[in-house]
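To keep things clear, I will list the structure first and then write my remarks on it.
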Amino acid sequence: MKIAYVLLAAGNASRFGSCKQLAEVHDKAMILHSLETLTALAEQTQNQPTHTQPNRIKPFVVLGAYHEQINPIIMDKAEVIYNPDWSLGLGASIAKASEVIQSLGDYDGVLFTLSDQVKVNLEDLENLIKGYDGQTVRTAYYANKPGVPAIFPASQFTELKGLKGKQGAKPILMAAKDNLSLQVMDNALFDIDYPEDLEQYLSAIKA
């Protein structure tokens, strides 16, 4: 199976008050921290016969509000997808990425992750991938509900292309709630919405 790895980072971080994607985490921009994890997963799965990706191992990154600021630091590390409709919410970014990936015509599925879920690590994503059968939506499970990171099969690209709004892929996950493959992922519960969240995280890793 050939899976596209997509980091969603198009929002304007209104609650954070500035470009949180460039806020420093682990001595680098937050988006680079998350991108490195996704890149490690892409490179690892490329070396496995069941996930051969000889021509493209770079993850995709969806940018929007801060495209001009972020693009220069990731353009050599990822395939950048610009979403001009970023203001319509996370769903629009998922839709744009799905449109691009479907147009390439050679992917069996797509894995979506968020740039501000800084606790999600390589092991979390490896466990998610291991349980993916190529047909059933495979999603992280935390706070008693499914959520991103999540893998969607190619059969749902068209449905993903129709998403819009701040709920992201939640409508699809809720509609398929009785037919999901779930992976407990407590690290996905934490994301950085406010400056205080970042301060809390940085204090915890220094302790």
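A few remarks follow.
- Where only C-alpha atoms are counted, convex hull volume of region 113-159 per residue in Å³: 92
- Rolling a 1.4 Å probe over the protein heavy atoms gives the chain an accessible area of 48 Å² per residue.
- Taking Cα centre as origin and charging only the Cβ of basic (Lys, Arg, +1) and acidic (Asp, Glu, -1) residues, the dipole magnitude of the chain rounds to 400 debye.
- Using a probe radius of 1.4 angstrom, the carbon and sulfur fraction of the accessible surface of the chain is 47%.
- Ignoring lysines fewer than eight residues from Lys119 along the same chain, the ones with Cα atoms less than 24 angstrom from its Cα are Lys20, Lys28, Lys58, Lys77, Lys130, Lys145, Lys166, Lys170, Lys206.
- Computed from Cα positions, the angle between helix 30-46 and the longest principal axis of the chain comes to roughly 30 degrees.
- Each residue of region 105-116 was assigned a 3J(HN,Hα) from its phi angle through the Karplus expression (A = 6.51, B = -1.76, C = 1.60, θ = phi - 60°), giving x, 10, 10, 8, x, 9, 9, 9, 10, 10, 5, 9 Hz with x at Gly and Pro.
- A cut-off of 5 Å between modelled amide H atoms, ignoring neighbours fewer than 5 places along the same chain, links Lys28 with no other residue.
- Using alpha carbons only: equivalent-ellipsoid semi-axes of the chain, gyration tensor based, whole Å: 24, 19, 18
- Distances between placed amide hydrogens fall under 5 Å for Leu114 paired with Leu8, all partners being 5 or more residues away or on another chain.
- Value in Å of the Kirkwood radius, where region 115-191 supplies the Cα pairs that are averaged: 12.8
- Percent of beta bridges antiparallel (DSSP, region 1-124, rounded to nearest 5): 10
The values are calculated or read from the model by the stated rules, or taken from the named source; none is laboratory data. Source: prediction; values computed, not measured. All Cβ positions, even for glycine, are placed from backbone atoms using ideal geometry, and neighbour counts span all protein chains on display. When the accessible area is computed, the model is the full protein with side chains, heavy atoms only, and any ligands, DNA or RNA have been set aside. Shrake-Rupley method; radii C 1.70, N 1.55, O 1.52, S 1.80 Å.
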